[in-house]
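This report refers to the structure that appears directly beneath it.
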Amino acid sequence: MADHESHQVLSGVRVLDLSRWVAGEYATKLFADFGADVVKVEKPGEGSLTRRWGPFPDDVPDPERSALFLHLNTNKRSVALDLTDQADRELLLGLVRDAHAVVESFRPGHLERLGLGPDVLRALNQRLVVTRISAFGQTGPRRDHEASGLVLQAAGGPMHATGQAHRAPLRKPGLLEHYTVGRSAGQATLAAVLGARRTGRGATIDVSGQEVLLAGADRRASYLLSASYSGITAPRGARSPHRHGATFTGPFRAADGFVMVYVTNQAFWNRFVHLVGAEDQTFRERFLDRQTVAGQDREDFLAHVADWILARPKVEVMEAAEAARIPVTAYLSVSEVLAHPHFRERGAFVAAEHPRAGRLEYAGPPWRMERGYRLRATAPLLDQHGAHVRREAARQTARETEEATA
C-alpha cells in the first residue's frame with residue numbers, strides 16, 4: 001500500500017468487492033474513498049454489470065467509460081477471476097485470508113454452490129465480515145424471487161407514499177433504492193469490522209433490499225409506525241401540497257424556473273409577508289400576524305405571492321429569502337449545481353484524469369473530516385491490477401502454509 005494512503009481514516013482495512021451492481025459497489029466505495037484497499041473481483045472479459053450502464057462520454061458505449069462504473073469504483077483495484085475455475089477460487093481464498101470484509105450480491109445460495117459460502121470463508125479468517133446483499137434476504141419464502149429496483153420500491157413501501165391517491169403509484173427516480181441499500185450495507189459492514197477489531201470475531205450480514213427500504217428514514221418509516229401503533233394507514237397524496245392555516249409549502253414558478261417555498265411557522269410567515277409585501281403596506285397590514293388565512297383571503301394571498309415570484313429570477317428569489325431567513329430554494333439543474341460557487345468553494349466536485357474516459361469531475365463526500373475522503377485513483381480498467389493482486393494472494397497462501405507446517 002502506498003505511503004500516502006496511510007493518512008486516511010480507513011487505511012489498513014482491506015475489502016473484497018464481489019458485487020456486480022450498484023448496491024454492493026456503493027457499499028464498498030464508502031470504504032475505498034476513505035482509504036481502504038478495496039479489491040474489485042470481476043468476471044473475466046465482462047467485468048461488472050455497471051460497466052454496461054450509461055451514460056457514456058460522447059454517447060459511445062464502452063465498458064471502460066461507463067459513468068456509473070466510474071463513479072462507483074473510484075479508488076478500487078480490479079482483478080478478473082472466474083469463480084467457476086478452481087485455480088481462481090484458490091486465488092480468491094488467498095485474498096480472503098488477509099481481508100477484513102467481503103461484500104457480495106449474488107443470488108442466495110450461489111456462493112455456497114461454488115464452495116465459497118460464509119462458513120468456508122470465515123474458517124480461513126475468523127475476523128472476516130461477509131456482507132450478503134440480495135433482494136429479499138438469504139432466508140424466507142421470497143429469497144429466490146426475481147426483483148428489480150422498481151419491484152423493491154413497490155414491495156418495500158416507498159411507492160405507497162408517492163403520487164396522488166387517485167392515480168397510480170410513482171417510483172422514485174434513478175437508482176435511489178440501490179444506493180439506499182448500499183449505504184445501509186456499508187454501515188453494517190463498517191460496524192461489524194469495528195466489532196471484529198475489538199473481539200477478533202467477524203460476522204455474516206444478511207442485507208435484504210426490501211427490508212432496508214421498509215425500514216428507511218423516509219415517509220414510509222413514519223407510515224409503518226403509524227400502522228403498527230394505531231392501525232392508521234395514510235393515503236398517498238394526503239400531505240401534498242400543504243397549504244392550510246397561516247402556513248404553506250410548495251413550488252412556485254419564477255421568471256426562469258421554479259422555487260420551493262417552505263413556510264411552516266409564524267416566524268417564517270411574518271418574514272415572508274414582509275419580503276413579498278415590502279412595497280405594499282396594505283398587503284402587510286392585511287396578512288401580518290395572521291394565524292388563519294382561508295377562503296378569499298388565502299386566494300388573494302397566494303395570487304400576490306405567485307405574481308411576486310413570477311416577476312423575478314429563481315436565484316434572486318432564493319437569495320432574497322435566504323437574507324430574510326426563510327427556507328426557500330431554487331430548483332437547480334445539474335449544470336447549475338456543477339457551476340454553483342458554494343459547491344465550488346467547498347470542493348464538492350473533484351476532477352481527475354481517467355486513461356480511457358479522459359478528464360471528468362467526480363462527486364466528493366457530503367461531509368468534511370480530517371484524513372477523510374480522497375480521490376487517490378479513478379475507477380480501474382478491467383483486471384488492471386490482476387497481476388499484482390494474484391501475487392499478493394499467492395504470497396498470503398504460501399505464508400499461511402509455512403506457518404501451518406512450521
Sites residue 306 and residue 85, calculated FRET efficiency, Cβ-Cβ separation with R0 56 Å, nearest 0.05:
0.25
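Please report the carbon-and-sulfur percent of the accessible area for region 248-331; probe 1.4 Å, protein heavy atoms only, DNA, RNA and ligands left out.
51 percent
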Using 1/(1 + (r/R0)^6) with R0 = 22 angstrom and r between the beta carbons of residue 329 and residue 363, what's the FRET efficiency to the nearest 0.05?
0.70
Here the relative contact order (percent) of region 248-331, from C-alpha pairs under 8 Å and at least 6 apart, is 44 percent
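Loop only per DSSP, at most 10 neighbouring Cβ atoms within 10 Å: give me the trypsin sites (Lys or Arg not before Pro) in region 285-359, ordered by residue number. If you can, show how the numbers build up before the last one.
On the way: sites: 286, 290, 298, 314, 325, 344, 346, 356, 359; in loops: 290, 325, 356.
Here the sparse-neighbourhood loop sites are 325.
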State in Å² the accessible area per residue of region 248-331; use a 1.4 Å probe, count heavy atoms of protein chains only, and round to the nearest integer.
53 Å²
Share of antiparallel DSSP beta bridges in the chain, in percent to the nearest 5?
40 percent
From the Cα gyration tensor of region 1-145, with a ≥ b ≥ c the square roots of its eigenvalues, which class applies: rounded if a/c is under 1.5, or else prolate if a/b is larger than b/c, or else oblate?
oblate
Largest fluctuation, 185, 321, 135 only, Gaussian network model of the chain with Cα springs under 10 angstrom, belongs to 321
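With an 8 Å cut-off on Cα pairs and a minimum separation of 6 or more residues, tell me the relative contact order of the chain in percent.
Details: 700 pairs, mean separation 78.8, N = 406.
With pairs under 8 Å counted, the relative contact order is 19 percent.
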Ranking request for peptides 11-18, 263-270: highest mean number of other beta-carbon atoms within 10 Å first, then the rest in descending order.
11-18, 263-270
Can you pull the one-decimal nm distance between simple spin-label points at residue 119 and residue 265, each 7 Å off the Cα toward Cβ?
5.7 nm
Quantify, in whole percent, the carbon and sulfur part of the accessible surface of region 1-145 (1.4 Å probe; protein heavy atoms only).
53 percent
Calculating Rg and Dmax of the Cα atoms in Å from this structure picks out, from [x] 32.6, 102; [y] 26.1, 93; [z] 19.4, 58, entry [y]
Could you tell me the center-to-center distance, by alpha carbons, between region 272-327 and region 362-406 in angstrom?
56 Å
Order these peptides, 119-131, 47-59, 392-404, by their mean beta-carbon neighbour count within 10 angstrom, highest first.
119-131, 47-59, 392-404
Restricting attention to region 165-215, which trypsin sites (Lys or Arg not before Pro) occupy a DSSP loop and are surrounded by at most 10 other Cβ atoms within 10 Å?
167
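The values are calculated or read from the model by the stated rules, or taken from the named source; none is laboratory data. From a predicted model like this one, the values you see are computed outputs, not experimental measurements. No Cβ is skipped: glycine too gets one built from the backbone with ideal geometry, and neighbour counts run over all protein chains shown. What goes into the accessible areas is simple: the full protein's heavy atoms, side chains included, and nothing from ligands, DNA or RNA. Shrake-Rupley method; radii C 1.70, N 1.55, O 1.52, S 1.80 Å.
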